[in-house]
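The values are calculated or read from the model by the stated rules, or taken from the named source; none is laboratory data. Note that this is a predicted model, so its numbers are computed, not measured. Neighbour counts are summed over all protein chains in view; Cβ atoms, including those assigned to glycine, are modelled from backbone coordinates with ideal geometry. The accessibility values were calculated without ligands, DNA or RNA, using every heavy atom of the protein model including side chains. Shrake-Rupley method; radii C 1.70, N 1.55, O 1.52, S 1.80 Å.
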Amino acid sequence: MKSLLGGKGANLCEMTNIGLPVPPGIIITTEACNEFYDYDRRFPPGMEDQVKEKLGVLEQDTGKKFGDPKNPLLVSVRSGAVISMPGMMDTVLNLGLNDETVAELAKSANDERFALDCYRRFINMFGGVVMGIEHHKFEHILDGQKKKKDAAFDHLLTAEDWREVIAGYKKLFEEETGRSFPQDPMEQLFMAVYAVFNSWNNDRAIVYRKINKISDSLGTAVNIQMMVFGNLGNDCATGVAFTRNPSTGENLLYGEYLINAQGEDVVAGIRTPMPISKLKDEMPAVYQQFADTCILLEKHYQNMQDVEFTIERGKLFMLQTRNGKRTAQAAMKIAADMVKEGLISKEEGILRVEPAHLDNLLHRRIDPGAKLDVIAKGLPASPGAASGKVVFDADEAEKLGNDGEKVILVRTETTPDDIHGIVAAQGILTSRGGMTSHAAVVARGMGKPCVCGCETLAIDYVAQEFKVKNTDIIIKKGDLISIDGAAGQVIKGEVPMIDPEISGELQEILVWADHLRTIGVRANADNPTDSTRAREFGAEGIGLCRTEHMFMAPDRIPVVQEMIMSDTLEEREAALAKLLPVQQGDFYEILKIMRDLPVTIRLLDPPLHEFLPNGEELAIEITKLRATNGDPKEIEEKETILKKVRSLHEFNPMLGHRGCRLGISFPEIYKMQARAIFQATAQLTKEGVRVIPEVEIPLVGDINELKITRVDVDEMAAQVKKETGVDFEYSVGTMIEVPRAALTAAEIAAEADFFSFGTNDLTQTTFGFSRDDAEGKFLHEYVEKKILPDDPFVVLDRKGVGKLMKIAVEEGRNAKPGLVIGICGEHGGEANSVEFCHLVGLDYVSCSPFRVPIARLAAAQAKVKQGGYISKSATV
Ligand code: PEP
Ligand code: MG
């Protein structure tokens, strides 16, 4: 009943039901909170009467009476959201105390000092949470008393001292609020409930929900519970614990407690708590009961629990239990261990690991053994680590980045105008802005490490340096630093990094995932290193080998430019002939590494100008050469190139002369590539290596585009077979990456052996967004304003792009049953999108090698969830 009672309330009820010692209480539902907002922040009609009625039942259960000076019922009032939002909302303890009941508490506890301490804490919490009085003002009064009595610690103050403090607190309360501290417990209660409802919309709760994508409309419940006291003497204690270690996952109770203390003392860090293992010596019987309770809770919730408890005069009370937050490492170990312990099924285990956890583990990390000179800490905005030279300007980052330098872009904050610098940088560091700042959102989207809101940095753009406040550390432009985006650390100098590896529990879980999933997982790879990594990470083939990257290599670009600059077919063919053996070598290596697995090789896709120098830079160079009476031959050469660059200029290259359009204008390019693929295939076949090349034509929007290019590919295959005398298998298919291809999939299927959704372009062309412009300029605002639920280039847009995919799958397979269909856009490595691909029946997803494990896990989760399996406490 979490949605009605809130997480904390539902768990308290459940703990009561399974017979655990929970202080009795009542819960005001989240519905009441939502109505409170519907009524413009007023209690809904009837709510107060219902609360009073149920308080009567609570009084009967506890044998105490609310506001009774002889036998007072004291309660805690706590918020309880549906999804846990630790520390985001408010709590009031000891409610029900007033000038009269405090005397009774002193009597029943036989400890006046204790009762007065409770009362002053209550006035402080109530004043802060309900009336908004700043905490330091209360602290100031307390410190004054301590100074007066020369007492270093609170517990050295006497009952008389507390009386003085209480008088001071009450006076402060009056000064700040213009009214006296409320003495009527019922009034106290409803004021506290009001404050808890209100706290649902305090700034930190709103920000927390935004970061964690929690709906604003869930509301919070209010838990009103009989107080139990951990501060009645040395047979009392209070503590927090995890049923397993939340950072390593080790199956050992982990936590701490304080003897003779109340809840907030543990968190406040005033006294140093004891490790939970010590409780075994101090209170063996209670410890045993607590340890047994933890085992019972894990069995019941089938998950690692984060619990709060209080021991009142040797009696254990459970105050809270919830699924414990954990690191990626721990999530993996706990899931695997619980499966092996027989506590949960493999299906459940699979659902326990969040794809984001894997994301964390699969980034390059700082070598855990490295000695680090940490100079500052900020927010861990985007995981991964990077080292580079400090630059303070996006243009400079781009310039150095293009020269092959590694840079860290350091800004007070970034704006969409910095996007080119972010792209070029290894990592981003900002001194301002939170987890949803521009830098954080963009860096996460790009998978780049980012530390933001690092407020101890004083950045001086004029001097091109930053100082670390309160130190004499100054870092200048060009100095080397490292950032750890998972820990939020800024480190001086370069640090050793380690590549992620798959072993231990991660490996175990991925093997289970492979057994469960039904959709295949391939990788996008276009060089031997990535292909090897793809296999290591469990890819079942290459779903996209982009051949343009091969053209970009420094030793090849002059030949590619020669080909582009050619005026005649003969000249072009001569240049292509030089490229042929190089391309053949590329394909030979990749196909060999991927033996026995399919490799989809896409023929050239980008517009040709991408292989030529930048026109503006060239024009500047020519002007400079002229001004300095440079070599006329060089000037002439550069002018020829500039002329070509200008002739290739397009108003919108994304929609311009690229993909198969290029292959149709210059069939010799595709023919050369097809020949390279088939010659490598023949060579490997001869060597006894089984290879499965799949030739892919990009950007097809009409069947005739595929027909005409396919003829050339098939002819080339026949020629190579004849020339080499080797028979081999191959297939020819197309990307579906413009809407027209999806809408005419039935026709296209007739000519295609396979389809592969290029959802990067399909998203661009469906929305009419150019990705770089959209992500740099307005998309993050769209997401912030909830115009779109997510960046559609990250999470596949099921409604629009997904609908086109569905049409293409249905029509394609109707026309050609068994047609192999995959996806190779970046969505292929994003969990939500993988689920969609599974649901529409794709054969495989393909993504960058580092994301392959995420796709394997997400594919299994999609299958498990589709089977109607409902997890008891999965996090995904
Ligand atoms: C795509 O468009 O989804 C795709 C994979 O191609 P590229 O990203 O290379 O344009
Ligand atoms: Mg594309």
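Of the residues screened, ASP40 is one that is out of contact with any helix residue (DSSP H, G or I) (no Cβ under 9 Å at 6 or more places or on another chain), exposed (fewer than 15 other Cβ atoms within 10 Å of the Cβ) and at pLDDT below 95. So which of GLN683, GLN679 is open to solvent by less than 50 Å² (accessible area, probe 1.4 Å) and away from ligand 1 (no atom under 16 Å from the Cβ)? The match here is GLN679.
Does segment 529-546 contain at least one residue that is within 16 Å of ligand 1 (Cβ to nearest atom) and over 35 Å from the mean Cα position of the chain (by Cα)? Reasoning before the result, please.
Taking segment 529-546 first, the residues within 16 Å of ligand 1 (Cβ to nearest atom) are 530, 534, 539, 541-546.
Of the ones still in play, those that are also over 35 Å from the mean Cα position of the chain (by Cα) are none.
Looking for residues that are within 16 Å of ligand 1 (Cβ to nearest atom) and over 35 Å from the mean Cα position of the chain (by Cα), one finds none in segment 529-546, hence no.
Based on what the data block shows, is GLN225 modelled with pLDDT of 90 or more and touching a Gly at 6+ places or on another chain (Cβ under 6 Å)? When the stated conditions are applied, GLN225 passes them.
Based on what the data block shows, is PRO613 open to solvent by less than 20 Å² (accessible area, probe 1.4 Å) and not in a helix (DSSP H, G or I)?
Numbers: open to solvent by less than 20 Å² (accessible area, probe 1.4 Å): no; not in a helix (DSSP H, G or I): yes.
Taking the combined requirement at face value, the residue does not satisfy it.
Restricting attention to segment 617-631, the residues being part of a helix (DSSP H, G or I) and in contact with a helix residue (DSSP H, G or I) (Cβ under 9 Å, 6 or more places away or on another chain) number 6.
Just wondering, is there one or more residues in segment 697-715 that are part of a loop (DSSP other than H, G, I, E, B) and open to solvent by 70 Å² or more (accessible area, probe 1.4 Å)?
no
For segment 491-509, filtering for residues that are buried (at least 22 other Cβ atoms within 10 Å of the Cβ) and either touching a Lys or Arg at 6+ places or on another chain (Cβ under 7 Å) or among the charged types (D, E, K, R) (or both) leaves 0.
Pairs linking a residue in segment 469-486 that is without any contact (Cβ under 8 Å) to a residue 24 or more places away in the chain and over 23 Å from ALA370 (Cα atoms) to a residue that is of a type in the set (Ser, Thr, Tyr) and surrounded by 13 or more Cβ atoms within 10 Å (Cβ to Cβ), with Cβ atoms under 8 Å and 6 or more positions apart or on different chains, are LYS469/THR456; ASN470/THR456. Going by what's in this entry, would PRO632 be described as open to solvent by 10 Å² or more (accessible area, probe 1.4 Å) and at pLDDT below 95? Taking the combined requirement at face value, the residue satisfies it.
Exactly one residue out of LEU839, LEU804 is within 16 Å of ligand 2 (Cβ to nearest atom), out of contact with any strand residue (DSSP E or B) (no Cβ under 7 Å at 6 or more places or on another chain) and open to solvent by 10 Å² or more (accessible area, probe 1.4 Å): that is LEU804. You will find that of GLY758, GLY825, GLY829, the residue that is open to solvent by less than 50 Å² (accessible area, probe 1.4 Å) and out of contact with any Cys (no Cβ under 8 Å at 6 or more places or on another chain) is GLY825 and no other.
What number of residues within segment 741-765 satisfy the criterion of being away from ligand 2 (no atom under 14 Å from the Cβ) and in contact with a helix residue (DSSP H, G or I) (Cβ under 9 Å, 6 or more places away or on another chain)? The qualifying residues number 10. Only one of the numbered conditions (1) touching a His at 6+ places or on another chain (Cβ under 9 Å); (2) open to solvent by 30 Å² or more (accessible area, probe 1.4 Å); (3) within 16 Å of ligand 2 (Cβ to nearest atom); (4) of a type outside the set (A, V, I, L, M) is not met by PRO607, and that is (2).
Out of ASP596, ASP586, ASP605, I need the residue that is at positive phi and of a type in the set (D, E, K, R). Which one? Spell out how you get there, then give the answer.
Working: ASP586 fails: at positive phi; ASP605 fails: at positive phi.
Result of the check over ASP596, ASP586, ASP605: ASP596.
Just for segment 311-336: of the residues that are within 24 Å of the chain's Cα centre (by Cα) and not hydrophobic (A, V, I, L, M, F, W, C), which one is farthest from ASN11 (Cα to Cα)?
Taking segment 311-336 and keeping what is within 24 Å of the chain's Cα centre (by Cα), we get 322-336.
Adding the requirement that they be not hydrophobic (A, V, I, L, M, F, W, C) leaves 322-327, 329, 333.
Working: ARG322: 7, ASN323: 10, GLY324: 13, LYS325: 16, ARG326: 19, THR327: 23, GLN329: 26, LYS333: 25 Å.
Among those residues, the one meeting the criterion is GLN329.
Of all residues in segment 730-740, those that are within 11 Å of ligand 2 (Cβ to nearest atom), open to solvent by less than 10 Å² (accessible area, probe 1.4 Å) and farther than 14 Å from LYS803 by Cβ total 2.
Filter segment 766-794 down to the residues that are among the basic types (Lys, Arg) and at negative phi, then identify the one that is farthest from ligand 2 (Cβ to nearest atom). Lay out the reasoning, then the answer.
First, the residues of segment 766-794 that are among the basic types (Lys, Arg): 771, 777, 785-786.
Subset that is at negative phi: 771, 777, 785.
On the way: ARG771: 10, LYS777: 21, LYS785: 28 Å.
Top of the filtered list is LYS785.
Against the list (1) part of a helix (DSSP H, G or I); (2) surrounded by fewer than 21 Cβ atoms within 10 Å (Cβ to Cβ), the condition ASP727 fails is (1). Among the residues making up segment 293-323, those that are open to solvent by less than 80 Å² (accessible area, probe 1.4 Å) and assigned to a helix (DSSP H, G or I) are THR293, CYS294, LEU296, LEU297, GLU298, HIS300, TYR301.
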